[in-house]
Amino acid sequence: MEEVIKNAEEADLLAFAKTFLGTYGTHGFQSLAKRDTDLLLFYALEHSGVIDSRASNHQVARRLKLTPKRVSNLRRDAWARWAEPSDVRDHLAHTLKACFAAPALERLLKQNRAAWKTDKLIPLLLEHPSDRAEVEQFLKSAGDIPHYAKNPEVVLIPHDQVMALVDFAADGLDRARQALIKKSFATNRKLSELLTQDISKLSAGEVRTVLNATVATVMEKSTIDLAAKGLSALVLGYLGTP
């Protein structure tokens, strides 16, 4: 931990101090159990950027000299106990941006062609327990049963839930994102041909319906290269560019 603090940026350390001391002070000195205090300390380290919350469990474990399992458990409990809903959604949105970036997505589709062609499932690697818990709850709320690959950190997402999941992470589709989606289609002739209506004139619900249908078309009828670029354009249109 000493090395982590020593190598941290001053701005991150200041953010850590504000997060930890602000929350700890709100609950009153010594009114928190040791476990809650430990979880708050870990959450403040990740939330502030002193520890990269998007690094793998293995990377964080090496820095803190803990086991990856211990890091995973700390992340799960710390975020569940202390994270604000908006911070949880923001973290998931950033994770989805990385998952659906065109190069990563093309590689994923090549390796899992049968899953998305036959079973209509897209595997997403969600190593951070907070992200995984949010996606699991989203699927349950939609009436789906979460399915996993052999790797328990890989959640399988049905094609027709991709846009709804991204919208869930983005906390609702606003006009700015509608404009980004329209722009994404306008710059890709093949994708724009899949839409029969002016997306700027659709409601948020109608946009989701059109895009869900578009995802299915892109995934089922396109080459892997176009499917990756098309799906990436749709997702980043929702979430904004990285």
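Below, the figures for the structure above:
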{"read-out": "Spin-label pair A216/R70, simplified geometry with 7 Å Cα→Cβ offset, distance in nm", "value": "4.9 nm"}
{"read-out": "Acute angle (nearest 10 degrees) that the helix 204-221 long axis makes with the longest principal axis of the chain, alpha-carbon atoms", "value": "70 degrees"}
{"read-out": "Entries in K34/K140; K97/K140; K120/K229 that, when Cα-Cα distance is taken, lie over 24 Å", "value": "K34/K140"}
{"read-out": "Inter-label distance, nm, simple model (7 Å from Cα along the C-beta direction), T37/S200", "value": "5.7 nm"}
{"read-out": "In degrees, nearest ten, helix 102-111 long axis to first principal axis of the chain (Cα)", "value": "80 degrees"}
{"read-out": "Longest site-free stretch - the chain; sites: GluC sites (Glu not before Pro), DSSP loop, at most 11 other Cβ within 10 Å", "value": "10-192"}
{"read-out": "Structure-based [θ]222 nm, the chain - -39500 (n - 2.57) summed over DSSP H runs of at least 4, per residue, nearest 500", "value": "-20500 deg cm²/dmol"}
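Readers should treat all values here as calculations from the given coordinates under stated rules, not as data from a laboratory. From a predicted model like this one, the values you see are computed outputs, not experimental measurements. Cβ coordinates were reconstructed from backbone atoms using ideal geometry, including for glycine residues, and neighbour counts include every protein chain displayed.
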